[in-house]
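K.L.:
Would you mind keeping the following structure in view while I ask a few things?
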Amino acid sequence: MSQSESSKLQQDAANSVLRNAAVDRCCAARLRSLQGSQRRQDNDWETLKRAARAYCNAMPDLIGRENISEFIACVAQGLLLKAIDPNVGPKLLYAAQVALSSLNQESKQK
C-alpha cells in the first residue's frame, strides 16, 4: 500500500465522527490491520484479506434491535469500502433480517 493510500485511510478514520460507533469501530479495526500489513510489507492480497477479516470481526453481534441496525450499517459501509465481498454481503444482510424477524416474533408472542 502506498503512502498516499495510507494517508487517505487515516483521513477517512479521522472523518469517521460522521458515522455511528459500530461503523467507526469496524473501520478502525480495518485501518489497524492495513497499517500492520504495511509495516510487515505483506502482499496486497494478504493485506486486503486480513483487513476484511478485522473489519468483520469488529461488527456487532446480532442481538437486539440496536445491534442489528448497527450490523446492517457496518455491512453497508463494508460493501462500499470493499472490505466485505459483494457475494458475502447479501448473506450477512439476510442474517440480520432473520435476526430482526426473530425479535419481531418474540415481541408478538408477548
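K.L.:
Within region 81-99, track down each residue that is part of a helix (DSSP H, G or I) and at pLDDT 95 or above.
P.N.:
First pass over region 81-99, keeping only residues part of a helix (DSSP H, G or I): 81, 89-99.
Those that are part of a helix (DSSP H, G or I) and at pLDDT 95 or above: Gly89, Pro90, Lys91, Leu92, Leu93, Tyr94, Ala95, Ala96, Gln97, Val98, Ala99.
K.L.:
When residues of region 39-72 are filtered for being in a helix (DSSP H, G or I), surrounded by 12 or more Cβ atoms within 10 Å (Cβ to Cβ) and not hydrophobic (A, V, I, L, M, F, W, C), how many remain?
P.N.:
Number of matching residues: 9.
K.L.:
Moving on. Looking at region 17-26, is at least one residue part of a loop (DSSP other than H, G, I, E, B), out of contact with any Gly (no Cβ under 7 Å at 6 or more places or on another chain) and without any contact (Cβ under 8 Å) to a residue 40 or more places away in the chain? Break it down into steps so the answer makes sense when it comes.
P.N.:
So in region 17-26, the residues part of a loop (DSSP other than H, G, I, E, B) come out as 19-20.
With the extra rule that they be out of contact with any Gly (no Cβ under 7 Å at 6 or more places or on another chain), the set shrinks to 19-20.
This time we only want the ones that are without any contact (Cβ under 8 Å) to a residue 40 or more places away in the chain, so: none.
No, region 17-26 has no match at all.
K.L.:
Which of the residues belonging to region 73-95 are buried (at least 20 other Cβ atoms within 10 Å of the Cβ) and among the aliphatic types (A, V, I, L, M)?
P.N.:
Within region 73-95, Val75, Ala83, Ile84, Leu92 meet the criteria.
The values are calculated or read from the model by the stated rules, or taken from the named source; none is laboratory data. This structure is a prediction, so every number in the text was calculated from the model and none was measured. Counting neighbours? That spans all protein chains shown, and the Cβs are built from the backbone with ideal geometry, glycine included.
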